[in-house]
Amino acid sequence: MRPIFRRIGGVGGGIFLLFLFWFILSLYAGKEALPYPHSTFTYLFFLIREGEIWNPISITLGRVGLGFFLTMLTGTGMGIVAGRTYLGDEVSSFYLPIWMSIPDLIIVFALIMVFGARTLFPSLAAVAIVTPFAATNIRDAMKGLPKSLIEISNSYNASLTQKIREIYIPYLIPSLVATSRIGFAIVWKIVFLAEVFGSASGLGYVVKMAFTVFNLKKLLSLLIIIVAIVIGLEQFLRMVENMVTKWRK
């Protein structure tokens, strides 16, 4: 059997067992406590058909995209500086662990108090929380950059822009790809968390409202939508990763 068919069979079998367990649990707990799978999917199709879910999805995806872009841009810049300069390395070695140890909710609540429930607040929260992780990974990768490459670039009087474009970025591609996948997952969770606690729009806000009125059927429908989005984005990132690694080779 080909690997792709084995993979499809494994995924399909896992989904079947999940829904079977869900159905049995609904029978045991009662449909009032836990809606049946078919009832939940009926409500899910209603949400999709009515279109009320598309606007929150687009808002959340926009915030995730902005937060991810700013996180990678800021983290990569900080990591390159920290990995190439003595002062940057000393400063980052002291402050980045402290920054990463601050509980996420404290940062989210602090930003809520400062910025309020503004549209860009969840993106800023993601940048504030995820940037030190990205910077640490890039800094550690930069420390392994062969000195011979820098010496050659210096002998040709290469500018900083040329070094970044021709040496640093190509060398960092494996680390950037790995950091991107991990960073994207964390950015997604932080944006969602920030929407729950401090936003009046987005998927996180819709989930909070469903929880407030104890609408479990809607909550489960939103969970299915979120899982589908995450799977789709994961496949997209994997495709981009394959394209980038092929280009590097």
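Summary of computed values
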{"read-out": "Within region 20-45, considering residues that are free of Cβ contacts under 8 Å to residues at least 40 places away in the same chain and β-branched (Val, Ile, Thr), the one farthest from Val207 (Cα to Cα)", "value": "Ile24"}
{"read-out": "Hits in region 49-69 (condition: assigned to a helix (DSSP H, G or I) and either in contact (Cβ under 8 Å) with a residue 24 or more places away in the chain or polar (S, T, N, Q) (or both))", "value": "Asn55, Pro56, Ile57, Ser58, Ile59, Thr60, Leu61, Arg63, Val64, Leu66, Gly67, Phe68"}
{"read-out": "Residues of region 154-173 satisfying the condition of being farther than 12 Å from Arg84 by Cβ, of a type outside the set (Ser, Thr, Tyr) and at pLDDT 80 or above", "value": "Gln162, Arg165, Glu166, Ile169, Pro170, Ile173"}
{"read-out": "Hits in region 91-146 (condition: more than 16 Å from Thr74 (Cβ to Cβ) and not in a helix (DSSP H, G or I))", "value": "Ile102, Pro103, Gly116, Ala117, Arg118, Thr119, Lys143, Gly144, Leu145, Pro146"}
{"read-out": "Which listed residue is assigned by TED's automatic domain parsing to the domain that holds Pro132, part of a helix (DSSP H, G or I) and surrounded by 19 or more Cβ atoms within 10 Å (Cβ to Cβ), from Ile164, Ile224, Ile190, Ile173", "value": "Ile190"}
{"read-out": "Filter result for the condition that a residue is touching a Ser or Thr at 6+ places or on another chain (Cβ under 9 Å) and assigned by TED's automatic domain parsing to the domain that holds Gly75, over Leu96, Leu120, Leu149, Leu124", "value": "Leu96"}
{"read-out": "Matching residues in region 46-73 - criterion: being out of contact with any helix residue (DSSP H, G or I) (no Cβ under 9 Å at 6 or more places or on another chain) and modelled with pLDDT under 90", "value": "Arg49, Glu50, Gly51"}
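The values are calculated or read from the model by the stated rules, or taken from the named source; none is laboratory data. Model, not experiment: these values are computed from the prediction. When we count neighbours, we look across all protein chains shown, and the Cβ atoms used for this are built from the backbone with ideal geometry, even at glycine.
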